[in-house]
Structure formats: structure tokens, C-alpha cells
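These notes concern the structure reproduced below.
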2 protein chains.
Amino acid sequence: MGKRGKSNRFNVLLNYKLWLSSISGEGIISEEVHILLVGIHDKNSLKAAAEDAGISYRKAWGDLKQAESLLGYDLTEKTRGGKKGGQSVLTPAALKLLEAYAALQKKLDDAVEEAYLELKKKMEN
Amino acid sequence: MGKRGKSNRFNVLLNYKLWLSSISGEGIISEEVHILLVGIHDKNSLKAAAEDAGISYRKAWGDLKQAESLLGYDLTEKTRGGKKGGQSVLTPAALKLLEAYAALQKKLDDAVEEAYLELKKKMEN
DNA sequence: TACCGATATGTATATCTTTGCATAACGGCA
DNA sequence: TGCCGTTATGCAAAGATATACATATCGGTA
């Protein structure tokens, strides 16, 4: 055995969740919307993106709508009918948001990781 | 009017939520537990802490129990009966956790604030 | 010893969220 | 023009989460 036992091992994980909200706090853009947008970027389809994200189309559609209403501009350009039945394509604004969000998430992932290690160290000391 | 209008103002707030979980992910210690612990520290009463936190005693009690079970040790020393009816007092381990958590929260608050400003800047440019 | 107020816990109720249809509109294409 | 697949949207049903309520235990104190 080593010098110190495993008795006071701090065996818990640190999780976090991000979301954007209106100033008043009602409407929100959850991380799920980010995942949806990535999916739409890949497939040009809200339906497919919802499936990939593992949520119902109904919810995906509602979430996206709320996000657009909150931001005040469209994140997708939707068309119905046609050969493929219709599609949802990201707007330039959505692409910009995706890019900015990726940077933000990376920064916070790092900060959380770092904070977690410090917490663990303090709790295991 | 200034040089740039307020048209592309990114009028949304960045929120986040932290929690600890078991490796397997079932049990969790939510931020609410942190608030509860602070309340217990102040009042030496779970009942009072729950009221302050604005949640039911039933939930507060369940949350605390889950947290203790997840950590594997007690966060409070509870007594029933007596002059005041009983009380809940934080254990040294809970105090240590509170301290470590405060530092963690400060660090993340700062990181989020910083990340938010960057996001805003990118989205408003 | 009866009472008080807090902890302890099960269970029913209410509230909130998500899903699951159902149904309509749309526009290429066979 | 009828079919297909997707977007669009309302509404009922199902699931998850929190509250409310009931009841028991405990130990000082009047």
C-alpha cells in the first residue's frame, strides 16, 4: 500500500450546464439547441437533427422556435415541400453563434476541469 | 446617435448550473444542497434552511440525504427532541466542502463572466 | 407525564416537461 | 393530380419532479 489510503478519495464528478436566457429570465436557449444547430448544420434537417440529439421533433421544433424568438432573428431558413420534402438550413447568424459558442464552451470546459482538480485536491488533502 | 446602432445588441444572459454526481451519474449533489448547507450553517436547522432556500422540507431532507449517501459521509449531525425540538449542525467535512465550493464557484463565476463578454463581443461585432 | 418543535419518512397530489399522435401545408416528381 | 417527406402546430397522454399532508420519534421543559 502507498503512504496514504484511498479512504478519503473524493469520488464525485463535477458537471455543469450552460444556457442563455432573456434578461427577464423566461425564455432560454439551452445547450440542446446548440446540439440541434450542429445537427442541422450536418444534415440540413431539423427532423434528422432531433433524432440525432435523441429528442422528439416536437420538442426540437419548439426549442428552436423559442431560441429564434429570444434572439430576435432566425437561426434557420426553412422550406417545405420539394424533392426532399423540405429542409432547414443554418443562417449566417447561426453559424456565427455556433462558432462563438464553441469557443465559449472550450473555455468553460477548461475552467471547470481546472476547478474540479482544485476541489478534489482540497477535499482529498 | 452613436456610430453604431443598437440593432445587433446581443441581449441575452449567460447562465450556468453546477452539480456533483457519482461516477455512474445517478445520484447528484445540486447547487441547492450548497445553499442548504449555507442555511444550516447559519441557522443550525434544516427546516429553517429549507424555508430560506424556498423549497419544501421534504425535498431538502431528501436532497441532503442523497448528498450524504453519495459522498459516503455525513454533512450534518442531526439531533431530535430537546428544548428546541432538535437541530442539524454541519460536520467539519461539510465546512471543508463549503469552503472548497466557494472557491470553485468564484473561479467559475469569473470564467463565465469573461466567456460571456467574449461571446457578446463576437456576436455584436 | 403531557407538550413543543425539529428531525424522519411514506404516500398522495399537484405541477412541469416531454412525448406522441393527429392533422395541415408545401412543392417537386412520377 | 396523387404521393412523399419535411416543416408546422395543437392537444392529449405519459413521465418526471416537487409539494402537501399525515404520522412517528425524540428529549428537554413546564
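Per-structure values
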{"item": "Any hit, the stretch A:21-29, residues being open to solvent by less than 30 Å² (accessible area, probe 1.4 Å) and in a helix (DSSP H, G or I)", "result": "no"}
{"item": "Qualifying residue in the stretch B:95-102 (condition: modelled with pLDDT under 95, open to solvent by 90 Å² or more (accessible area, probe 1.4 Å) and within 14 Å of chain A (Cβ to nearest Cβ))", "result": "no"}
{"item": "Filtered residue count, the stretch B:28-66, keeping only those that are away from DNA strand D (no atom under 12 Å from the Cβ) and touching a residue at least 40 places away in the same chain (Cβ under 8 Å)", "result": "9"}
{"item": "B:E114 within 16 Å of DNA strand C (Cβ to nearest atom) and either open to solvent by 20 Å² or more (accessible area, probe 1.4 Å) or more than 30 Å from A:Y73 (Cβ to Cβ) (or both)", "result": "no"}
{"item": "Matching option when the condition is within 14 Å of chain A (Cβ to nearest Cβ), modelled with pLDDT of 95 or more and either open to solvent by 80 Å² or more (accessible area, probe 1.4 Å) or within 22 Å of B:I23 (Cα to Cα) (or both), among B:L108, B:L119", "result": "B:L108"}
{"item": "Qualifying residues in the stretch A:56-92 (those that are outside any loop (DSSP other than H, G, I, E, B) and hydrophobic (A, V, I, L, M, F, W, C)) - the one most open to solvent (accessible area, probe 1.4 Å)", "result": "A:W61"}
{"item": "Test set (1) within 13 Å of DNA strand D (Cβ to nearest atom); (2) within 12 Å of chain A (Cβ to nearest Cβ); (3) modelled with pLDDT of 95 or more - B:S69 fails condition number", "result": "(1)"}
{"item": "Which listed residue is in contact (Cβ under 8 Å) with a residue 60 or more places away in the chain and within 14 Å of another protein chain (Cβ to nearest Cβ), from A:N15, A:N8", "result": "A:N8"}
{"item": "Total residues in the stretch A:75-90, condition under 19 Å from the mean Cα position of the chain (by Cα) and either within 14 Å of chain B (Cβ to nearest Cβ) or on the phi > 0 side of the Ramachandran plot (or both)", "result": "1"}
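The values are calculated or read from the model by the stated rules, or taken from the named source; none is laboratory data. All values reported here derive from a predicted model rather than from experimental measurement. Cβ coordinates were reconstructed from backbone atoms using ideal geometry, including for glycine residues, and neighbour counts include every protein chain displayed. Just the protein is used for accessible areas: all its heavy atoms, side chains included, with ligands, DNA and RNA removed. Shrake-Rupley method; radii C 1.70, N 1.55, O 1.52, S 1.80 Å.
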